[in-house]
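Working notes for the structure below.
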Amino acid sequence: MTALAPVVSADAVWEIVVEIWESLLGSPVLRAEHAFGLDDALTAGVALHGGWSGLVTVTCPPAAADALARTMLALDEADAPTSEDVEDALGEVANVLGGNVKALVPGAERLGLPRVGRGLVPAGAVLVCRNGIEWQDHVARVAVWQLVDVTSQDDEKDGGQGS
Amino acid sequence: MRLLVVDDSRVMRQIVVRTLRQAGYDGHEVVEAVDGVDALAKIDEHAPDLVLSDWNMPNMTGIELLRSLRGSGNGIEFGFVTSEGSDDMREVAQNAGARFVIVKPFTPEGFRDALQPVLG
């Protein structure tokens with residue numbers, strides 16, 4: 001997969017990531033690419049529409065998504081987040097990422113609602129930029145994708161895989 | 001005072017409520033709503049003094065909620081807590097009658113700056 005000339009840079013997205021992790025999770029983050037299994041990884045994505053159309057996604061292993069939900073809900077050690085809470089928390093991270101990326105991308109006029117699952121990135125999406133994230137004992141990837149073939153938006157494949 | 005927090009994300013509603021406390025607004029009653037439609041019902045039922053609303057929600061968005069309130073003559077204090085903070089959206093919000101726009105991710109200090117003129 002070939003990266004397009006970036007409408008938004010990985011560095012600019014990283015600044016947003018740092019802010020989100022500090023604000024929503026109270027945690028510093030490291031910029032580091034780690035391999036992790038995509039088969040059971042969760043992806044949350046929000047679509048941007050307008051003169052420029054694309055997706056902003058966050059993908060992580062289930063344990064990392066659990067940790068996000070646990071921290072965002074300020075749960076005690078004894079309390080486990082429900083699957084609904086985990087999807088809600090990961091979706092909200094994607095939503096905040098998407099809203100802030102939208103402000104940087106000329107032509108991105110509307111923000112969709114977050115969707116969470118496995119395999120949310122459409123076949124027509126081309127990677128624009130990606131950041132690997134490490135915090136505490138967890139890893140995730142944040143990516144921006146451009147939809148270059150909007151007719152294939154429903155033809156989904158695995159999320160989180162890039163060039 | 002009574003505050004209404006409107007967001008389709010339960011996680012984000014909880015974070016907003018927590019941030020209100022961290023910003024020093026812990027003596028206020030808080031009611032929650034999951035979207036604009038629910039918010040209209042909760043406003044009728046609880047008559048809050050301030051609405052803190054997400055923008056992008058299913059069923060009825062935050063800006064539709066605000067326009068519905070103003071269209072029916074309800075001048076309740078209203079501010080957005082949203083992931084989008086472009087100049088265009090701020091202008092739309094202000095023109096519709098919003099007092100402020102807090103952009104996610106936010107801090108307790110950001111809440112204080114926005115809420116001080118309304119809540120003191």
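We did not get these values from a lab; they are worked out from the coordinates using the rules stated. All of these numbers come straight from a predicted model, not from anything done at the bench. FYI the Cβ positions are ideal-geometry reconstructions off the backbone, even for glycines, and counts take in every protein chain you see.
Report yes if residue B:74 is surrounded by fewer than 21 Cβ atoms within 10 Å (Cβ to Cβ), more than 14 Å from every other protein chain (Cβ to nearest Cβ), of a type in the set (S, T, N, Q) and more than 12 Å from the chain's Cα centre (by Cα), otherwise no. When the stated conditions are applied, residue B:74 passes them. Considering B:33, B:41, B:23, B:47, which residue is among the small types (Gly, Ala, Ser) and touching a Phe, Trp or Tyr at 6+ places or on another chain (Cβ under 9 Å)? Residue meeting the stated conditions: B:23. For residue B:30, the conditions (1) touching a strand residue (DSSP E or B) at 6+ places or on another chain (Cβ under 7 Å); (2) more than 14 Å from every other protein chain (Cβ to nearest Cβ); (3) in a helix (DSSP H, G or I) all hold with the exception of (3). Given the condition within 11 Å of another protein chain (Cβ to nearest Cβ) and among the acidic types (Asp, Glu), answer yes or no: does some residue in the stretch B:45-64 qualify? Yes, the stretch B:45-64 contains at least one residue that is within 11 Å of another protein chain (Cβ to nearest Cβ) and among the acidic types (Asp, Glu).
The set of residues in the stretch B:78-92 being surrounded by 22 or more Cβ atoms within 10 Å (Cβ to Cβ) and either within 18 Å of residue A:92 (Cα to Cα) or within 14 Å of another protein chain (Cβ to nearest Cβ) (or both) consists of B:80, B:81, B:82, B:83, B:84.
It is to be established whether one or more residues within the stretch A:72-80 are over 17 Å from residue B:58 (Cβ atoms), surrounded by 16 or more Cβ atoms within 10 Å (Cβ to Cβ) and either under 12 Å from the mean Cα position of the chain (by Cα) or at the interface with chain B (Cβ under 10 Å from one of its Cβ atoms) (or both). Yes, the conditions are met somewhere in the stretch A:72-80.
Given the structure, is residue A:56 surrounded by 15 or more Cβ atoms within 10 Å (Cβ to Cβ) and within 14 Å of chain B (Cβ to nearest Cβ)? Spell out how you get there, then give the answer.
Numbers: surrounded by 15 or more Cβ atoms within 10 Å (Cβ to Cβ): yes; within 14 Å of chain B (Cβ to nearest Cβ): yes.
Yes, satisfied.
Restricted to the stretch A:107-125, and to residues that are farther than 24 Å from residue B:86 by Cβ and part of a loop (DSSP other than H, G, I, E, B), which residue is farthest from the other protein chains (Cβ to nearest Cβ)? Of everything passing the filter in the stretch A:107-125, A:123 is farthest from the other protein chains (Cβ to nearest Cβ).
Given the structure, is residue A:12 surrounded by fewer than 21 Cβ atoms within 10 Å (Cβ to Cβ), away from chain B (no Cβ under 14 Å) and not in a loop (DSSP other than H, G, I, E, B)?
Values: surrounded by fewer than 21 Cβ atoms within 10 Å (Cβ to Cβ): yes; away from chain B (no Cβ under 14 Å): yes; not in a loop (DSSP other than H, G, I, E, B): yes.
Yes, satisfied.
Residue B:88 meets all of the listed conditions (1) more than 12 Å from the chain's Cα centre (by Cα); (2) assigned to a loop (DSSP other than H, G, I, E, B) but one, namely (2). Among the numbered conditions (1) in a loop (DSSP other than H, G, I, E, B); (2) of a type outside the set (D, E, K, R); (3) over 18 Å from residue A:13 (Cα atoms); (4) over 13 Å from the mean Cα position of the chain (by Cα), the only one that residue A:69 does not meet is (1). Residues that are assigned to a helix (DSSP H, G or I) and either farther than 10 Å from residue A:88 by Cβ or of a type in the set (Val, Ile, Thr) (or both) within the stretch B:1-12 comprise just one, B:11. What's the number of the only condition in (1) outside any loop (DSSP other than H, G, I, E, B); (2) more than 13 Å from the chain's Cα centre (by Cα); (3) more than 12 Å from chain A (Cβ to nearest Cβ); (4) of a type outside the set (Val, Ile, Thr) that residue B:110 fails to meet? With respect to (1) outside any loop (DSSP other than H, G, I, E, B); (2) more than 13 Å from the chain's Cα centre (by Cα); (3) more than 12 Å from chain A (Cβ to nearest Cβ); (4) of a type outside the set (Val, Ile, Thr), residue B:110 is out only on (3).
Where residues in the stretch A:69-105 are touching a residue at least 60 places away in the same chain (Cβ under 8 Å), of a type in the set (A, V, I, L, M, F, W, C) and touching a helix residue (DSSP H, G or I) at 6+ places or on another chain (Cβ under 9 Å), which of them is farthest from residue A:7 (Cα to Cα)? If we take residues in the stretch A:69-105 being touching a residue at least 60 places away in the same chain (Cβ under 8 Å), of a type in the set (A, V, I, L, M, F, W, C) and touching a helix residue (DSSP H, G or I) at 6+ places or on another chain (Cβ under 9 Å), then A:93 is farthest from residue A:7 (Cα to Cα).
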